[in-house]
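The values are calculated or read from the model by the stated rules, or taken from the named source; none is laboratory data. In this text, all values refer to a predicted model and were calculated from it rather than measured experimentally. Neighbour counts run over all protein chains shown; Cβ positions are idealised from the backbone, glycine included.
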Amino acid sequence: MDASHFLERRRGLLARMGAGVAIVPTADEKLRNRDTAFPFRPDSYFHYLTGFGEPEAVLVLVGGDDPKSILFCRERNEEREIWDGFRFGPEAARESFSFDEAYPIGEFDGRLPDLLADQPALWYSLGQDDAWDRRILAALNAIRAQVRTGRHPPPLIRDVRLELDAMRLVKGPEELDLMRRAARISAAAHRRAMAACRPGWNECQVEAELLHEFRREGSAFPAYPPIVAGGANACVLHYVGNDRPLADGDLLLIDAGCELDGYAADITRTFPVNGRFSGPQGDVYRLVLAAQEAAIAAVRPGAAFQDPHDAAVQVLARGMLDLGLLAGSLDAVLESEAYKRFYMHRTSHWLGRDVHDAGDYKDGGEWKRLAPGMVLTIEPGCYVRPADDVPPAFWNIGVRIEDDVAVTAGGCEVLTSEAPKTVEAIEALMAGEGVR
């Protein structure tokens, strides 16, 4: 993404802030064991505003009559670059990412009191990180110690995430393009997994097919730990063991998406390990697919965020009655929420830089209205655990179908449509189209 996009976002945040100072640090590096770190991923808010991918960095935005953006980052270091790779350094970072000023990260604590002194407000995510809170409080106390010289700390502290959440909720064209690419890569990975899967494989072998496709197509890592859940494991919503053998007659639920340049895809598909749905499996699957189709049809500008969920629940509740999973009237099942026994999660969440992306779901107690540029998942499911009052033919059938949906001016766009999801399309792919 071109640096101009990040510059425009910083200007947008400065306009929302008015006078004051915002501080947005990136994530810390985390040790995996002893002296080996986990792969570094920048903080989503920081990267949204900067595009800068190195650790040990912080953005300072100064609002008011002379607004400016300042980056603090690591200095060039020949020895460390031999071991760890290229560093921009402050001067190159300033030029490459369109900052007004840039300084070594080692100067941040010393410069911070001067940046904050006599400002009307500090915009910062207080409480997110204890170490950063202590650094900010130390700077504020340093200013208070100079009160007799006429200097004062900002009288207001505001959560910068509130403004950034509102900005991140509506994606720009460049963000949607990245999300389409992430969706295409993830859909190809699901096709690959379907085509390769067979009885006797282990869940981890199917996971390897997904990860192979992600990495081959340029994704650095999955957007979240993949769920590869066969048989009864599909009824565990966040199962990530991915280490059990797959039996003939099992369904396999895969919830997996790649991350591409900081943007996530999130797809779930459920299919038979042997390539053919049994009668009860097909019944539950078609029910969930009908619920998803109803939910997607409810995505349009002006609709409430809750509308797709309500549409899915109506279909699922009626289907559970028709299949004999529940008894009584539809109104009674909806009012009592008896359907939650088999469908216990919500149908949607925001999607973007984070899998559960930034953004409020309600405004003033009312569900937020959908608008073009918003992206949400649509993911109804049905999970049937063994029980005395449940027909045994449905035991251990877990089905979820999830797509990524962007709100458009005329309705919506299903970004992940290249992942097969009808019974016929899945069975055809598994019958011999092969790995694509």
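Evaluate segment 213-225: report whether one residue or more is in a strand (DSSP E or B) and either in contact with a Cys (Cβ under 8 Å, 6 or more places away or on another chain) or in the same structural domain as Asp354 (by TED's automatic domain parsing) (or both).
Checking segment 213-225: at least one residue is in a strand (DSSP E or B) and either in contact with a Cys (Cβ under 8 Å, 6 or more places away or on another chain) or in the same structural domain as Asp354 (by TED's automatic domain parsing) (or both).
Within segment 26-33, can one find any residue that is of a type in the set (Ser, Thr, Tyr), in the same structural domain as Asp109 (by TED's automatic domain parsing) and at pLDDT below 95?
no
Of the residues Ala188, Ala232, Ala208, only one is closer than 21 Å to Cys382 by Cα, among the small types (Gly, Ala, Ser) and in a helix (DSSP H, G or I); which?
Ala232
Here is a list: Glu107, Glu79, Glu91, Glu8. Which entry is loosely packed, with under 14 Cβ neighbours inside 10 Å, within 29 Å of Arg181 (Cα to Cα), of a type in the set (Asp, Glu) and at pLDDT 95 or above?
Glu8
Just give me the residues in segment 229-278 being of a type in the set (Ser, Thr, Tyr), in contact (Cβ under 8 Å) with a residue 24 or more places away in the chain and over 20 Å from Lys421 (Cβ atoms), in sequence order.
The answer is Tyr263, and nothing else.
Taking into account only those residues within segment 20-34 that are free of Cβ contacts under 8 Å to residues at least 12 places away in the same chain and not in a strand (DSSP E or B), which is nearest to Ala117 (Cα to Cα)?
Lys30
Check Pro226 against each of (1) within 17 Å of the chain's Cα centre (by Cα); (2) closer than 21 Å to Arg191 by Cβ; (3) in contact (Cβ under 8 Å) with a residue 60 or more places away in the chain and name the one condition it does not meet.
Failing condition for Pro226: (3).
Among the residues of segment 75-119, how many are in a helix (DSSP H, G or I), under 24 Å from Ala138 (Cα atoms) and either touching a residue at least 24 places away in the same chain (Cβ under 8 Å) or of a type in the set (D, E, K, R) (or both)?
Residues meeting the conditions: 11.
Please determine whether any residue of segment 47-67 is surrounded by fewer than 18 Cβ atoms within 10 Å (Cβ to Cβ) and either of a type in the set (S, T, N, Q) or in a helix (DSSP H, G or I) (or both).
Looking through segment 47-67, none of the residues is surrounded by fewer than 18 Cβ atoms within 10 Å (Cβ to Cβ) and either of a type in the set (S, T, N, Q) or in a helix (DSSP H, G or I) (or both).
Which ones in segment 245-260 are among the charged types (D, E, K, R), in a loop (DSSP other than H, G, I, E, B) and closer than 19 Å to Arg400 by Cα?
The one that is among the charged types (D, E, K, R), in a loop (DSSP other than H, G, I, E, B) and closer than 19 Å to Arg400 by Cα: Asp250.
List the number of the failed condition for Leu122; all other conditions in (1) in contact with a Gly (Cβ under 7 Å, 6 or more places away or on another chain); (2) of a type outside the set (D, E, K, R); (3) farther than 24 Å from Tyr48 by Cβ; (4) not in a helix (DSSP H, G or I) hold.
(3)
Every residue, every condition in (1) farther than 30 Å from Leu49 by Cα; (2) buried (at least 18 other Cβ atoms within 10 Å of the Cβ), yes or no:
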| position | (1), (2) |
| --- | --- |
| Phe221 | no, no |
| Gly230 | yes, yes |
| Arg244 | yes, no |
| Gly257 | no, yes |
| Ile267 | no, yes |
| Gly279 | yes, no |
